[in-house]
Amino acid sequence: MQVTHNGKLYLLDGEEIVIYGGTLQFFRVPRDAWRDRLEKMKRHGLNTVDTYVAWNWHEPEEGKFDFTGETHPQRDLVGFLELAQDLGFYVIIRPGPYICAEWKNGGIPQWLINKHPEILARSPNGPLPRDIYYLPITYLHPTYLEYVMKWYEHVFPIIRDYLYTRGGPIINVTIDDEPSYWETIFQAFLTDYNDIVVKENGLWHRWLKENFTLDQLEERYKVKLSDYVEIAPPKAFSEPLPKVLDWHHFKIWMVNEYVKTLYHKIKGYVDVPISILDPYLLLAAWRHFYNYVKKNKLDIHLWTEFWYSFYRSFDFKEDKLGHLYYKVGIYRYYVDKLGTPPLSIETQSSLANVIERDEAELLYGLLPSLGIHNINYYLYVGGENPRGYESHNGVTWDVYSPISLDGSERQHVEPIKWIGKFLKANKDFVYSQFHAKVAFAMYEPYEALNLWGYRPENFKESVNLNEYLFGERGLLTLLAMSNVPFDVIDLENTTVEEMLKYEQIWVYSLDFMAREAQDKLAEYVEKGGNLVILPMLPYLDENMNEYRKLEEFLGVKVGEEIARDNYRLIPFVSVDAEGIDRMITRNVVREVKGGEPIAWVGDKVVGALVKKGKGSAVILGFRLQYYSSYHDMHRKFVDKILELQGVERDFKVTDRDIIVIPRGNYLAVINPRGHTVKGRISYNGLEFPKLTELEMRNRGVLFLPVNVKYGNHEVIYATATVVGYEDGKITFRNHLSDTSEVAIKGEVKGVENGEIIEEKQEGEVTTLIVRHSGEFTLLLR
């Protein structure tokens, strides 16, 4: 028995499996309720159950382990694995050592912390308060690693016995959970000043020696050096920016070294794939994980997660699309390079006050639309915390899970069920490529500045990328809502040849950018690419030395107005362009000198088109954001930029509030705003529907087949999703309208759960309009 993969799906003894699962934490659910909850999950169409194994729960006292429920029925890991297998589930198991999970210490035993406080990460001023949740630990502390190895030596023999390769249900083992110094990496100087890190010739000095010469460090830090030990870790933003970024990257390296240690230990026990969830809890920084695992030949599958609220309203609407497209895009970029199946192991289905059916569907439907076909919903089954093991949640561990603590089912089960049916009925969808003509190129150090909210005093541009780029009004939401499906690439890891696969690349620039990255962008344009860059051109390199490659290459100068950060002092400025009347922009607007003017504020040119070599560049001196309005100037301006650079979409839609994501012989069609939309789509030489219009009355997603074969029958197009097929029957679902149009080759005998209200025959193709209440089935000859 064997678990392998083909880069898209996992293969169990050669059979392709779409992972469609939910998280049930057996240690929080009463033992006698396990079967009921698993059976409900099965009825919802799930084939996989995911669970943590909490170290401090199974080793409550040092050296005393319980995996069979002798001391508490909810410690019966063995019984849970056997029950899951009996009910036909695959199992993903996550044995830590850290599990997060809103569980006491994230699973790290309190007795270990009390006995060895030296393992705790430290601030520049000494120990952190001991009463904070998830006390961060110095990952590479030898004492900590010694105890982790002991934990593994007890839990992994059990895991090994229940591996799929040994006839059990476990198909994957996950390393730790979101290793990120337990979110303290989000703050530049909160940790880790543990002695093993900062002592002379400790880990910090080791990393510096392995990555830089002293001459390079003198250039970066603007100091004279005779030895690495002279370089103390930075403790404040008064230090040079390159040094602060190096400290950030050093902590990322420590996470990588820790993951490598755990990986090699786990490999001694398992022969199924090993995965990791969101190292660092960052996005652009995944470049460091990718580079590290490739260099060290670690076969680790990179998994991700999607959370859009935490103990508040779920609130997933159209203004979240930019961030979602970005996160899936940068994930897709690296998972494709790794060649492992994309999987969202924590797709939010809980921890919100209420998860509305339509908003859940928008998130759950967009993930496969954008290329993540393996999905696990977290937290699928509600539970409660044993006394003494709660963290920042008290007794409850049921915050609107699909299956509640009492076993009742909540409203967002519905989209989970039908999306699973679609994925099961349309295996070819997995292999239909997401093909983007446009890419957004990210420069990773910007992520850190945005994360910290740190803007060096000499910087002209705001680092508030949450407002201007990633957030609800950000540029990326504008692109998504302008029907511009885009990939995301990393400016440092990508090659010019890879860049040239895209007809257009967008870049959001701050004051600095590495020389190599600037050079790549110039070469991309020179060789025929189309660049859009805003709201300035970089004038510094990675060492904060002056470097104006793009400015000199393009022959354009952008003004030096200083952007404002105080929200009450930020101006709103109206920008005009051909066919664009007073498009509103936020913050200062910079003059652009050189090139062909394309945008103005009064007489001042604030946007220009430059043709250079075989390509072109659009330079904007302002921040282009998403503002929905009757006049819709911002989306029209995106259309204008596409037109100026000769970029055409693969599809056309008559109602631009219908968002389309082409996937080969499928179209993911989305109504993200929630009001009724109607229109027709042109795609691959076909305009449809022909007899009526596609109507979507509510927020939601449809997966429309275009020239897709089901057995001997070919669906030319449909305005409904195929959710089932058996010989002579095709079942469709359209919950966003009460009528659907289907064009199919062959003769239709009739319809179940619907009424044919119009029918047209042209040659071999039968076109029908069916009135229905949800799902309907065509009966075919």
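Residues of segment 221-269 that are of a type in the set (Ser, Thr, Tyr), over 20 Å from ILE175 (Cβ atoms) and assigned to a loop (DSSP other than H, G, I, E, B): SER226, SER238. For GLU257, are the conditions met, namely being surrounded by fewer than 22 Cβ atoms within 10 Å (Cβ to Cβ), out of contact with any Asp or Glu (no Cβ under 9 Å at 6 or more places or on another chain), of a type outside the set (Val, Ile, Thr) and closer than 29 Å to VAL91 by Cα? Taking the combined requirement at face value, the residue satisfies it. Scanning segment 330-345 for residues that are surrounded by fewer than 24 Cβ atoms within 10 Å (Cβ to Cβ) and either under 18 Å from PHE314 (Cα atoms) or of a type in the set (Gly, Ala, Ser) (or both) yields one hit, GLY339.
Taking the stated definitions as given, is ILE137 open to solvent by less than 30 Å² (accessible area, probe 1.4 Å), hydrophobic (A, V, I, L, M, F, W, C) and at pLDDT below 95? Spelling it out, it is not the case that ILE137 is open to solvent by less than 30 Å² (accessible area, probe 1.4 Å), hydrophobic (A, V, I, L, M, F, W, C) and at pLDDT below 95.
When segment 167-194 is filtered for residues that are touching a strand residue (DSSP E or B) at 6+ places or on another chain (Cβ under 8 Å), more than 30 Å from PRO273 (Cα to Cα) and not β-branched (Val, Ile, Thr), the ones remaining, listed by number, are PHE189, LEU190, ASP192, TYR193, ASN194.
Give segment 482-526 a look and list any residue that's out of contact with any helix residue (DSSP H, G or I) (no Cβ under 6 Å at 6 or more places or on another chain), more than 28 Å from ARG455 (Cβ to Cβ), touching a residue at least 12 places away in the same chain (Cβ under 8 Å) and acidic (Asp, Glu), or say none. Answer for segment 482-526, where residues must be out of contact with any helix residue (DSSP H, G or I) (no Cβ under 6 Å at 6 or more places or on another chain), more than 28 Å from ARG455 (Cβ to Cβ), touching a residue at least 12 places away in the same chain (Cβ under 8 Å) and acidic (Asp, Glu): GLU503, GLU526. The residue pairs whose first member lies in segment 382-398 and is under 14 Å from LEU24 (Cα atoms), whose second member is open to solvent by less than 30 Å² (accessible area, probe 1.4 Å) and among the aromatic types (Phe, Trp, Tyr), and whose beta carbons are closer than 6 Å, counting only pairs six or more residues apart or on different chains, are GLY383/TRP397; GLU384/TRP397; ASN385/TRP397. The listed residues are ASP86, ASP50, ASP13, and the only one of them that is closer than 30 Å to ASP336 by Cβ, free of Cβ contacts under 8 Å to residues at least 40 places away in the same chain and not hydrophobic (A, V, I, L, M, F, W, C) turns out to be ASP13.
Against the numbered list (1) over 20 Å from GLU59 (Cα atoms); (2) modelled with pLDDT of 95 or more; (3) not in a loop (DSSP other than H, G, I, E, B), GLY168 comes up short only at (3). Screening PHE316 against (1) surrounded by fewer than 18 Cβ atoms within 10 Å (Cβ to Cβ); (2) in contact with a Leu (Cβ under 6 Å, 6 or more places away or on another chain); (3) at pLDDT 95 or above leaves a single unmet condition, (1). Looking only at segment 1-33, filter to residues that are part of a helix (DSSP H, G or I) and not aromatic (Phe, Trp, Tyr); which one of those is most open to solvent (accessible area, probe 1.4 Å)? My answer is ASP32. For ASP131, the test of being of a type in the set (Asp, Glu), in contact (Cβ under 8 Å) with a residue 40 or more places away in the chain and outside any helix (DSSP H, G or I) is failed. Of all residues in segment 663-694, none satisfies the criterion of being surrounded by 22 or more Cβ atoms within 10 Å (Cβ to Cβ), hydroxyl-bearing (Ser, Thr, Tyr) and more than 16 Å from ASN734 (Cα to Cα). Being within 11 Å of GLY322 (Cα to Cα) and open to solvent by less than 10 Å² (accessible area, probe 1.4 Å) holds for only one residue in LEU478, LEU491, and it is LEU478. The residues listed here are LEU277, LEU321, LEU302; of these, the one that is of a type in the set (A, V, I, L, M) and either touching a Cys at 6+ places or on another chain (Cβ under 8 Å) or closer than 22 Å to ARG473 by Cα (or both) is LEU321.
Across segment 513-526, the qualifying residues are those that are open to solvent by less than 10 Å² (accessible area, probe 1.4 Å) and over 26 Å from the mean Cα position of the chain (by Cα), and the one among them that is farthest from LYS437 (Cα to Cα) is GLN518. When segment 682-707 is filtered for residues that are touching a helix residue (DSSP H, G or I) at 6+ places or on another chain (Cβ under 6 Å) and either without any contact (Cβ under 8 Å) to a residue 40 or more places away in the chain or in a strand (DSSP E or B) (or both), the ones remaining, listed by number, are GLY700, VAL701, PHE703. Checking LEU465, LEU363, LEU405 one by one, the residue that is open to solvent by less than 10 Å² (accessible area, probe 1.4 Å) and either under 26 Å from ARG94 (Cα atoms) or β-branched (Val, Ile, Thr) (or both) is LEU363 and no other. Determine whether ILE670 is among the aliphatic types (A, V, I, L, M), part of a strand (DSSP E or B) and farther than 24 Å from LYS320 by Cβ. No. Under the condition of being surrounded by 15 or more Cβ atoms within 10 Å (Cβ to Cβ) and either touching a Ser or Thr at 6+ places or on another chain (Cβ under 6 Å) or free of Cβ contacts under 8 Å to residues at least 24 places away in the same chain (or both), the residues counted in segment 527-547 number 4. Here is the figure for segment 748-781: residues that are over 16 Å from THR719 (Cα atoms) and either free of Cβ contacts under 8 Å to residues at least 12 places away in the same chain or in a loop (DSSP other than H, G, I, E, B) (or both) total 5. Specify the residue that is surrounded by the fewest Cβ atoms within 10 Å (Cβ to Cβ); the eligible residues are those in segment 714-740 that are outside any loop (DSSP other than H, G, I, E, B) and either in contact with a helix residue (DSSP H, G or I) (Cβ under 6 Å, 6 or more places away or on another chain) or at pLDDT below 95 (or both). Step by step, filter segment 714-740, then rank; the result is GLU726.
Filtering VAL660, VAL601, VAL610 for residues that are buried (at least 18 other Cβ atoms within 10 Å of the Cβ), touching a residue at least 12 places away in the same chain (Cβ under 8 Å) and under 30 Å from GLN433 (Cα atoms) leaves a single hit, VAL660.
The set of residues in segment 35-72 being of a type in the set (Phe, Trp, Tyr), open to solvent by 10 Å² or more (accessible area, probe 1.4 Å) and under 26 Å from TYR377 (Cα atoms) consists of PHE67 alone.
Conditions tested, residue by residue: (1) in contact with a Leu (Cβ under 7 Å, 6 or more places away or on another chain); (2) more than 23 Å from GLY322 (Cα to Cα).
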position	(1), (2)
ILE505	yes, no
ALA514	no, yes
GLN518	yes, yes
ALA522	yes, yes
VAL532	no, no
ASN543	no, yes
GLU546	yes, yes
GLU551	yes, yes
GLY559	no, yes
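Please enumerate the residues belonging to segment 597-647 that are of a type in the set (Asp, Glu) and within 29 Å of the chain's Cα centre (by Cα). Passing the criteria: ASP632, ASP639. Residues of segment 179-216 that are open to solvent by less than 20 Å² (accessible area, probe 1.4 Å) and in contact with a Leu (Cβ under 6 Å, 6 or more places away or on another chain): SER180, THR184, VAL197.
The values are calculated or read from the model by the stated rules, or taken from the named source; none is laboratory data. None of the values given here were measured: they were computed from a predicted structure. A quick note on method: Cβ atoms are made from the backbone with ideal geometry, for glycine too, and the neighbour counts reach across all protein chains shown. With ligands, DNA and RNA removed, areas are computed over all heavy atoms of the protein, side chains included. Shrake-Rupley method; radii C 1.70, N 1.55, O 1.52, S 1.80 Å.
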